[in-house]
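**Q** Pasting in a structure now, in structure tokens, and then I'll have a few things to ask.
What follows draws every value from the coordinates through simple rules; no lab data is involved. Remember, it's a predicted structure, so these values are computed and weren't measured experimentally. Backbone-built Cβ (ideal geometry, glycine too); neighbour counts: all protein chains shown.
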Amino acid sequence: MENYDYLDVKGRIFDIQRYSIHDGIGIRTIVFLKGCALRCRWCCNPESQSGEIETMLVNGRPKTYGQDVTVREVMQTVRRDMPYYSRSDGGMTLSGGESLLQPEFARALLQGAKALGVNTALESMGFARYETIEKILPYLDTYLMDIKHMDPKKHEAWCGKENTLMVENARRIAESGKTKLIIRVPVVPGFNDTAEELLAIAKYADSLPGVEEIDLLPYHNFGEGKYTGLGRDYPMGKAKRPSIEQMEEFQNRIRANTDLFCQIGG
């Protein structure tokens, strides 16, 4: 392409969160890309699901979610935050939604960060053709990949799509050896909150070459008010957050049955 400059690539985001200590090591700048292929019942960012620009009521006032920006504009924020990265080994993380639904934009963002010498991470379900994922790996330090369940039918019932593609991509990413792969599991009441279901995911993660860590993320209902703001019902109803004791029991079972480092996040 003539006169192509990745800094001019444009995409749609719905938020940039600065000074975060989640979704990667150190202090992070998290860029949230709009659009998702799944409809997980517990999604805490329902404003991310549609690729369209939306209006949501926040504290009774309308707020627009969705903004078209260039990589160059996002890098201005990343540059401002670079002093915090150097003190904490932090960097930029792409999240969503599912960033891989905007593959050129996601790749260009990661390329822009690496050009600045910034650590990069991607929080993603891997819902894309592997050829799409392969193109971002040269610019990616850490892939934080959600695996929610090993049963395709249950995954489809709760998330809107079955999981074969995502599970296969996890193995191909691991086998590539091109990025650090960490498996993350949202622990959701009624969906996967049994030791047997979580251990099945952990054993699969343990079989992936180079994967050393699995993170358990307990369900929370912090996004419930967003559904109200979008005029939608909250799919999880009155589901309760797993107790600390439950999470520690899951963690102990995984540690006893795999070689993975297992930690509880969120």
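**Q** Determine, yes or no, whether D68 is touching a strand residue (DSSP E or B) at 6+ places or on another chain (Cβ under 9 Å), surrounded by fewer than 13 Cβ atoms within 10 Å (Cβ to Cβ) and touching a residue at least 40 places away in the same chain (Cβ under 8 Å).
**A** yes
**Q** Of all residues in region 190-222, which are buried (at least 17 other Cβ atoms within 10 Å of the Cβ), out of contact with any Leu (no Cβ under 9 Å at 6 or more places or on another chain) and not hydrophobic (A, V, I, L, M, F, W, C)?
**A** Matches in region 190-222: D193, E197, Y204, P218, Y219.
**Q** Within region 215-237, is there a residue that is under 27 Å from R39 (Cβ atoms), part of a strand (DSSP E or B) and aliphatic (A, V, I, L, M)?
**A** Yes, some residue in region 215-237 is under 27 Å from R39 (Cβ atoms), part of a strand (DSSP E or B) and aliphatic (A, V, I, L, M).
**Q** Scanning region 188-197 for residues that are under 15 Å from E245 (Cα atoms) and either among the charged types (D, E, K, R) or assigned to a helix (DSSP H, G or I) (or both), which turns out nearest to the chain's Cα centre (by Cα)?
**A** D193
**Q** If you don't mind, there's one more thing I want to ask. Regarding region 84-105, can at least one residue be identified that is assigned to a helix (DSSP H, G or I), touching a residue at least 60 places away in the same chain (Cβ under 8 Å) and in contact with a Leu (Cβ under 6 Å, 6 or more places away or on another chain)?
**A** Yes; the residues of region 84-105 include at least one that is assigned to a helix (DSSP H, G or I), touching a residue at least 60 places away in the same chain (Cβ under 8 Å) and in contact with a Leu (Cβ under 6 Å, 6 or more places away or on another chain).
**Q** Criterion first (surrounded by fewer than 24 Cβ atoms within 10 Å (Cβ to Cβ) and either assigned to a loop (DSSP other than H, G, I, E, B) or among the hydrophobic types (A, V, I, L, M, F, W, C) (or both)) does A128 satisfy it?
**A** Yes; evaluated as a whole, the condition is true for this residue.
**Q** Check region 73-92 and report whether any residue there is crowded, with 20+ Cβ neighbours inside 10 Å, more than 18 Å from the chain's Cα centre (by Cα) and closer than 30 Å to K161 by Cβ.
**A** yes
Let's see how each residue does on (1) out of contact with any Lys or Arg (no Cβ under 6 Å at 6 or more places or on another chain); (2) part of a loop (DSSP other than H, G, I, E, B); (3) of a type in the set (D, E); (4) more than 21 Å from L217 (Cβ to Cβ):
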| residue | (1), (2), (3), (4) |
| --- | --- |
| Y4 | yes, yes, no, yes |
| G24 | yes, yes, no, no |
| A37 | yes, yes, no, no |
| R80 | yes, no, no, yes |
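**Q** Another question about this same structure. Which members of region 249-266 meet the condition of being under 23 Å from the mean Cα position of the chain (by Cα) and either among the β-branched types (V, I, T) or over 12 Å from C44 (Cβ atoms) (or both)?
**A** F250, Q251, I254, L260, F261, C262, Q263, I264, G265
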